[in-house]
Every structure is written in C-alpha cells, then in structure tokens.
Amino acid sequence: MRAQAILHAVHDRLQDLPSWWRDIDASLAWQKGVFDGLAVAYCALATVALIQIIRIQLRVPEYGWTTQKVFHLLNFLVCGLRSGVFAFRTQVQDLPSTLMQAGLLDLPGLLFFSTYTLLVLFWAEIYYQARSLPTGSLRPAFVVMNLGVYAIQIGLWVFCSVSGTEGQQQLGKELSGCFLAFVSAAAAFAFLLYGGRLWLMLRRFPIESRGRRKKLREVGLVTTICATCFLFRSIIVAWSAFDFEDADLDVLGHPLLNLVYYSGAEIIPSALVLYILRKLPPKRQQQGYQQIPSQ
C-alpha cells in the first residue's frame, strides 16, 4: 500500500507540468523541428558507424566479424532504424497493426541494449582471461540473456495487440514499460560491475605499462557514460509507463520529452562512445622474408 501511495503521489506531482512545456507539446513547428532533428542526428550516427566498419575492414580484412565490427554494425542498425522511424513518424503512428507499431518503436531500444551489453561481454572476457578464469560460459550466457529479453518483449507486444479492452492494453503497456525499465537498470548495473572490475584491474598494472593510462581512461569514461545513460533510460521509461498523458514516448504530441529522452539516452552517449572507441586495430605484420633496406 505504501508503494502504491508513493506512485500516486509521484504521478500527481508530474501532472503539474509547466504551461510552457504544454505549449511546446501543442506546437506543430516544435514537433516537426524536433523529430526532423532527431532523424538527422540518428542518420549522422549511423553514417559514422558504417564508416568505422568500412575503415576496419580496409585495415584488417582478414579478421572477419570481430566484436568491434559487430558493435559498429549494431550501432548502424539502431541508428538507422531510429532515423527511419522519426523521418516517417506520421506513417508509423498511423499503422493499423499495434504489433507492428510497437515493434518499430521498441525494437531499436532492444538492439541498443544488445549493442552496449556486447561491450560488457567483451570486458568480462578480458577480465576473466586476465584472472585465469574460464570464459566458455560467457558468450552462451550473453546470447541466452538477449534471447530471453527479446522473447519476453515480443510476448508483451502480442499481448497488447490481442487485448480486447482498453484496460488490458494499458496493462500491457505498463508491463512493457516496467520490463524495459528493469532491463535498462540491469544494463547499468552490469556496466558498473564489469567496467569497474576491469578498471580496478588495469589500475593495479605497473605504472610504466604501455597504454595503461589511455586504457584506464577509456574504460572509465565508457563505463560512466553507459551506466548513466541506461539509468537515465530506466527512470524515463518507468515514468512513461505510469503517466501516459504527460510522458508517453510513443506519440507525436511530446516533442520536448522525446528530445530530452533520446538525446540523453541514446544520441549523446552513442556519439561519445563512438568517439572514444574510434581507434582502429593495428595492421597485421607481414610474415616471411623482407628485403633489408639499403644503407
């Protein structure tokens, strides 16, 4: 009862949004400007990720699909889908199928989760190998966890699409929002756990270790950025789940909230991480006989 009372109090407080916020929500110019801007921003990020894939392939074509390539590929898919949804937002909003609409709106968020938990898997493998611990179960656990998340979310989409009453549809949306909020909070915890472990391990290396300072800074920054963005995502999605009037992220009537949410939860973190992880893998050294240069 106490938890329910707290939720009602928070909901009532959020209902009292300032008038200028509501004026912006009602402005067609703001709606067009914000959603077109988000489409352009996601398109730019998708282009950067695609360029990185091409650069890595040209640098080391013999390595195949490494974790770095898959990470940039997933970034490209997430940002490309988001850009398309915002560019054709009216058509998406008018789709007759609730299941298809929910898939287009929520699938990029699930792919974003998979993209950045791939970094957690990479760090966990490094940490386990450095501690001489078995790593064979990490990748299967990562795959099973992601499949479970997708299966539960698809089940919630189906439940919303087949629900006959408005109350059942609202219940499905609340369950979906709570589930996505929980998944985002779990991702934030995973970054703090394995990013923190790897950072502490690197900190114990000798001060003269090559690349130690740069790698420390890289792991620390990415851990902080990703944990913060997933925690922010969890809070906003949880709010959206219980306040459809003022915080629904899946409608065209809340441009300012969408700008704040997608900028803080995806665009800015993705841009920062892509910049921090921009370094290409070293070229493979040629093997065999090489001519000795003339003096």
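Quick check on my filter: what residues within region 123-137 are part of a helix (DSSP H, G or I) and either among the β-branched types (Val, Ile, Thr) or buried (at least 19 other Cβ atoms within 10 Å of the Cβ) (or both)? Residues satisfying the conditions are Trp123, Ala124, Ile126, Tyr127.
Once region 56-106 is narrowed to residues that are within 21 Å of the chain's Cα centre (by Cα) and among the basic types (Lys, Arg), the residue that is nearest to Thr117 (Cα to Cα) is Lys69.
Residues checked against (1) surrounded by fewer than 13 Cβ atoms within 10 Å (Cβ to Cβ); (2) more than 15 Å from the chain's Cα centre (by Cα); (3) at pLDDT 85 or above:
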| position | (1), (2), (3) |
| --- | --- |
| Val120 | no, no, yes |
| Pro140 | yes, yes, yes |
| Ala151 | yes, yes, yes |
| Tyr194 | no, yes, yes |
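Of all the numbered requirements in (1) within 23 Å of Asn258 (Cα to Cα); (2) at pLDDT 90 or above, Lys173 misses one, and that requirement is (2). The residues listed here are Val251, Val237; of these, the one that is at pLDDT below 85 and closer than 30 Å to Arg22 by Cβ is Val251.
Is it the case, given these coordinates, that Ile225 is aliphatic (A, V, I, L, M) and either modelled with pLDDT of 95 or more or assigned to a loop (DSSP other than H, G, I, E, B) (or both)? Spelling it out, Ile225 is indeed aliphatic (A, V, I, L, M) and either modelled with pLDDT of 95 or more or assigned to a loop (DSSP other than H, G, I, E, B) (or both).
Suppose the filter is surrounded by fewer than 21 Cβ atoms within 10 Å (Cβ to Cβ), at pLDDT below 90 and of a type in the set (S, T, N, Q); does Ser209 pass it? Against the criterion (surrounded by fewer than 21 Cβ atoms within 10 Å (Cβ to Cβ), at pLDDT below 90 and of a type in the set (S, T, N, Q)), Ser209 qualifies. If the condition is being among the hydrophobic types (A, V, I, L, M, F, W, C), part of a helix (DSSP H, G or I) and modelled with pLDDT of 85 or more, then region 70-103 contributes Val70, Phe71, Leu73, Leu74, Phe76, Leu77, Val78, Cys79, Leu81, Val85, Phe86, Ala87.
The values are calculated or read from the model by the stated rules, or taken from the named source; none is laboratory data. These numbers were taken from a predicted model, which means no experiment stands behind them. Here Cβ is always computed from backbone atoms with ideal geometry, including for glycine, and neighbour counts include all displayed protein chains.
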